[in-house]
Amino acid sequence: MKILFTPLLVISLFIVSCQPEVEPETGVEISLPDGFEATLLYSPSDHEQGSWVSITTDPQGRLITSDQYGSLYRVTLPERGDQVKVETIPVKLGSAQGLLWAFDALYVSVNAREDSVTKGSGLYRVTDSDGNDQLDSVEKLFGMDGNGEHGPHGLLLGPEGKDLYLIAGNHTDVPDDFGSILSGWQEDQLFPPVLDPGGHANDRMAPGGWIARSSDKGNSWEVIASGFRNPYDFDFNPQGELFTYDSDMEWDLGSPWYRPTRVCHVIPGAEFGWRTGSGKWAAYYPDNLPGVVNIGQGSPTGVVFGTGAKFPSEYQQSLFILDWSFGTMYQIQLTPSGASYSGEKKEFLSGTPLPLTDVVIAKDGNMYFTTGGRRVASQLYRVRYVGDESTEPVETAAPPSEKMIIRREIESGSLSSEALWSHLSDADRYIRYAARVALENRDRSSWETYLAQESDASASIQAALLISRMGYDDLRPMVMKKLSDIAVSTLSVEQQLELVRAYALLFIRTGPAKRNERVNLPEFPTGNPALDRELCELMVYLGKTDIIAHTLDLMEEAEQSIEADLTSQEILQRSEQYGPTIAAMHKNRPAEQGLAFAFSLSNLEDGWTPELRSRYFKWFYRALQKSGGVSYKGFVERIRLRALDNVPAADRAELAELSGESLLQMPVAASDVPQPQGPGREWTLREAQGAIRNHQGEFSFTKGEQHFQALLCSNCHTMNGQGGNVGPDLTQAGTRFSDRDLLYAMLFPSNDITDQYGATLYTLQDGSTLIGRTLRTSDDSVFVATNPFNLSQETALASADVASSEPSPVSLMPGGLINRLNEQELVDLMAYLKSGGNPQHEVYREGATGD
């Protein structure tokens, strides 16, 4: 069912004058299941109240919201009639990405640098000092070193109403005085990772994003989970189990370390394995946990269970997760599976553009969600059920499974070390994991006897993880002997993967393999892609040169399997459905498994023959012609360069050319594509909006694509896997942004600079300055890309020469690029942007010209 929204009458206690340049936003067409109705209640951006990104409720059932870059607001919902009252909360606080009412106070997770509107990043408690129903007193509980889109985020009250929870992205340091139930986190890589070629998060190490808990109203905290990339929000289900929705790194697409957005079941002590660059842990590593539902590409924001909603029972028991990029709210139906859950996703609502930010189930049983973020047009919507099914509350939550009861007993701390040790051999992964974490928090004297007596393969593998993570070097000989006694041929693939990781972690944490130690591994290759990948890396680490030929065979087989994956008939069908550009992208996707093998072999210096080197470096030539995320080719190139470092100097030039040196060229120059005819003009936002809205003619995909290239957009932005990585991927721009938002960003790019794409202003000791993208840092240097069109050109700054650094207030994108375009050229460019580079998109009506 689709509903076109119209705004309700609004009473706003925030008196402003209208912006003369900007016209108010109208409703968006939203798809919803039958029986549901949605209403646009309010548009804060039409009242100069910013772009709302967080929302909670107070005891009176009112909503409290925050502008991403501004104030806090209180919203009184209409009980009858069509009136909504919005008032500014009169405190110097805002820019909150987490809000929670608890213990007679508003808790505020601020994500900002301090300015005239708000205090800096940290957790604050806001109260009503004199009982007049006005929040007016602010108490800072602690500050946080982190801000921006990967800074501190959501807040949550525990299921028993006693504990507070805080979630933060991977650019937020854990405060020094926080405790942790996890043992010391490390990178845990056999080889140094390949850092992101675009510089993103290259200086961010473990623990990544994290969740912390406070049992004393926010005064003291301990980290209970880590290894996230950038989860924004979280919630408990009726059984008291915690879930979050973690983000992907879309630049990694086409690489084996790409991890989709996913719903995670967060048990105490959970680790989810985010590491920088190519170092992200595989979901099957036993020292981390997998997601319960993989969603795909997206930008996770709000999370809420349907508990308390006046919805049919199916929805009351579902998890709702918001995706900012695709303008979609998913409904996740979770089913107990052993000590955890499995899940299925389906779309609950969607719209274009609908940049979803946060969601809450209010006291009236309705769902309320906000749109906005990055200063785009913002709205507040209500969703309610008006169908015929019963909306009576689900009386009781489903009882926990037997395995879940065991896992909770382990987490409670009530079991003896003997009982915990017995669970290391459990068939359930979550029980094994929980038991190991619990033992890490016990004195070794309480379990060392059981280690000496152990003969079970699974328990021995878990013991190897345990002593590695705790750094008990003296127990290594005993554990290595137990691993060598395992009959590898009797293990399942899952157990073999855990065995390989156990060996790797032993060598990483307690020292390299020793000559007298037997490493008991499956025979390579095994025929299982994941196991072959892990075995290859470990055997390269061990210096096993006899694997080179086998690995090259696997790399070439992976390429062949990609080519055979899409038959010519399927390609034809994709061309008809999505257009030739997208079909070609599917056909040209890289072999991820091959890249994993290429990375492992790049660390191997010995054992090569001229024929083997030739096969290996020819693979890079083919790989560089494939399409992936914006960092894909940069990753391939950095692996290629690492491999060349291990080549004899006399052979380096020849192999460099053989491996694709000639393919590494600058982006296409604007002069190489047809130029706009003009005449251009100094476009204002109002005039540009009017031109788009009032256009009655046709749109040309071809001309829109040409303007995208002629204005150098493609040098900095990706569309359908092609282009640069200086700015955001624009493939989904049409689902995130309205016409106004897109035009505003092109005219005034410095008004909102996403931290993922921002530059840094360095002031040097001699008074000079330098602006560029920070790519990486070392102990004594900072490496900066000053050419936005070629991030491989680095400038090295000695750390001692840097007096200060701060985010540059000026975007790398120049403003007013569209001023070269006439009206028809502008509408063609806008149609191309909204289509995501797809000529079959609905934006192109029948009879479109120029294609």
Residue check, residue 519 without any contact (Cβ under 8 Å) to a residue 60 or more places away in the chain and open to solvent by 20 Å² or more (accessible area, probe 1.4 Å): yes
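Every residue, every condition in (1) at pLDDT below 95; (2) surrounded by fewer than 24 Cβ atoms within 10 Å (Cβ to Cβ); (3) under 15 Å from the mean Cα position of the chain (by Cα), yes or no:
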{"site": "260", "(1), (2), (3)": "no, yes, yes"}
{"site": "268", "(1), (2), (3)": "no, yes, no"}
{"site": "281", "(1), (2), (3)": "no, yes, yes"}
{"site": "287", "(1), (2), (3)": "no, yes, no"}
{"site": "297", "(1), (2), (3)": "yes, yes, yes"}
{"site": "302", "(1), (2), (3)": "no, no, yes"}
So residue 373, is it over 30 Å from residue 743 (Cα atoms) and touching a Ser or Thr at 6+ places or on another chain (Cβ under 8 Å): no
Qualifying residue in the range 665-674 (condition: loosely packed, with under 15 Cβ neighbours inside 10 Å, in contact (Cβ under 8 Å) with a residue 60 or more places away in the chain and out of contact with any strand residue (DSSP E or B) (no Cβ under 9 Å at 6 or more places or on another chain)): yes
Residue match in the range 207-216 (condition: open to solvent by 40 Å² or more (accessible area, probe 1.4 Å), under 26 Å from residue 639 (Cβ atoms), over 20 Å from the mean Cα position of the chain (by Cα) and of a type in the set (S, T, N, Q)): no
Hits in the range 75-89 - residues which are free of Cβ contacts under 8 Å to residues at least 40 places away in the same chain and either outside any loop (DSSP other than H, G, I, E, B) or surrounded by 16 or more Cβ atoms within 10 Å (Cβ to Cβ) (or both): 76
Members of the range 40-61 found to be of a type outside the set (Phe, Trp, Tyr), outside any helix (DSSP H, G or I) and either buried (at least 20 other Cβ atoms within 10 Å of the Cβ) or touching a helix residue (DSSP H, G or I) at 6+ places or on another chain (Cβ under 8 Å) (or both), listed by number: 40, 41, 43, 49, 50, 51, 53, 54, 55, 56, 57
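Residue by residue, here is whether (1) surrounded by fewer than 19 Cβ atoms within 10 Å (Cβ to Cβ); (2) without any contact (Cβ under 8 Å) to a residue 60 or more places away in the chain holds:
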| position | (1), (2) |
| --- | --- |
| 726 | no, no |
| 752 | yes, no |
| 796 | yes, yes |
| 805 | yes, yes |
| 838 | no, no |
| 842 | yes, yes |
Search result, residues across the range 117-142 that are in a loop (DSSP other than H, G, I, E, B) and in contact (Cβ under 8 Å) with a residue 24 or more places away in the chain: 117, 118, 119, 120, 121, 134, 135, 136
Selected residue (only one of 547, 486, 508 is touching a helix residue (DSSP H, G or I) at 6+ places or on another chain (Cβ under 9 Å), among the aliphatic types (A, V, I, L, M), surrounded by fewer than 21 Cβ atoms within 10 Å (Cβ to Cβ) and in a helix (DSSP H, G or I)): 508
Selected residue (criterion: farthest from residue 103 (Cα to Cα)) from residues of the range 14-39 that are at pLDDT 95 or above and either among the basic types (Lys, Arg) or assigned to a loop (DSSP other than H, G, I, E, B) (or both): 34
Flag for residue 707 being open to solvent by less than 50 Å² (accessible area, probe 1.4 Å) and in a helix (DSSP H, G or I): yes
Residues of the range 491-518 classified as under 29 Å from the mean Cα position of the chain (by Cα) and at positive phi, total: 0
Residue list for the range 149-158, restricted to those being in a loop (DSSP other than H, G, I, E, B) and open to solvent by less than 20 Å² (accessible area, probe 1.4 Å): 150, 151, 158
Test for residue 619: is it in contact (Cβ under 8 Å) with a residue 40 or more places away in the chain, in a helix (DSSP H, G or I), out of contact with any Leu (no Cβ under 6 Å at 6 or more places or on another chain) and not charged (D, E, K, R): yes
Residue 595 open to solvent by less than 60 Å² (accessible area, probe 1.4 Å), within 34 Å of the chain's Cα centre (by Cα), of a type outside the set (Phe, Trp, Tyr) and within 25 Å of residue 248 (Cβ to Cβ): yes
Residue that is farthest from residue 754 (Cα to Cα) [pool: residues in the range 159-174 that are surrounded by 17 or more Cβ atoms within 10 Å (Cβ to Cβ) and out of contact with any Asp or Glu (no Cβ under 8 Å at 6 or more places or on another chain)]: 163
Considering residues of the range 192-203 that are at pLDDT 95 or above and open to solvent by 20 Å² or more (accessible area, probe 1.4 Å) only, the residue farthest from residue 158 (Cα to Cα): 192
Index of the failed condition, residue 114 passing every other in (1) touching a Gly at 6+ places or on another chain (Cβ under 6 Å); (2) part of a loop (DSSP other than H, G, I, E, B); (3) closer than 27 Å to residue 242 by Cβ: (3)
Qualifying position, being modelled with pLDDT under 95 and either acidic (Asp, Glu) or surrounded by fewer than 21 Cβ atoms within 10 Å (Cβ to Cβ) (or both), among 222, 250, 241: 250
Of all residues making up the range 90-102, the number that are in a loop (DSSP other than H, G, I, E, B) and open to solvent by less than 10 Å² (accessible area, probe 1.4 Å): 2
Candidate set: the range 175-191, residues that are among the acidic types (Asp, Glu) and under 30 Å from residue 598 (Cα atoms); chosen: the one least open to solvent (accessible area, probe 1.4 Å): 188
Strands (runs of 3 or more DSSP E) enclosed by the range 231-341 - at least 1 residues per element that are under 21 Å from residue 432 (Cβ atoms): 242-246, 261-266, 328-337
Flag for residue 640 being modelled with pLDDT of 85 or more, surrounded by 15 or more Cβ atoms within 10 Å (Cβ to Cβ) and either more than 30 Å from residue 598 (Cα to Cα) or not β-branched (Val, Ile, Thr) (or both): yes
Condition check for residue 228: more than 25 Å from residue 541 (Cβ to Cβ), open to solvent by less than 10 Å² (accessible area, probe 1.4 Å) and either in contact (Cβ under 8 Å) with a residue 12 or more places away in the chain or more than 19 Å from the chain's Cα centre (by Cα) (or both): yes
Residue selected from the range 343-359 under the condition farther than 18 Å from residue 235 by Cβ and of a type in the set (S, T, N, Q), by the criterion least open to solvent (accessible area, probe 1.4 Å): 350
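The values are calculated or read from the model by the stated rules, or taken from the named source; none is laboratory data. Given the structure is predicted, the values throughout are model-derived calculations rather than measurements. When we count neighbours, we look across all protein chains shown, and the Cβ atoms used for this are built from the backbone with ideal geometry, even at glycine. Ligands, DNA and RNA are stripped out before the accessible areas are found, and what is left, the full protein with its side chains, is counted by its heavy atoms. Shrake-Rupley method; radii C 1.70, N 1.55, O 1.52, S 1.80 Å.
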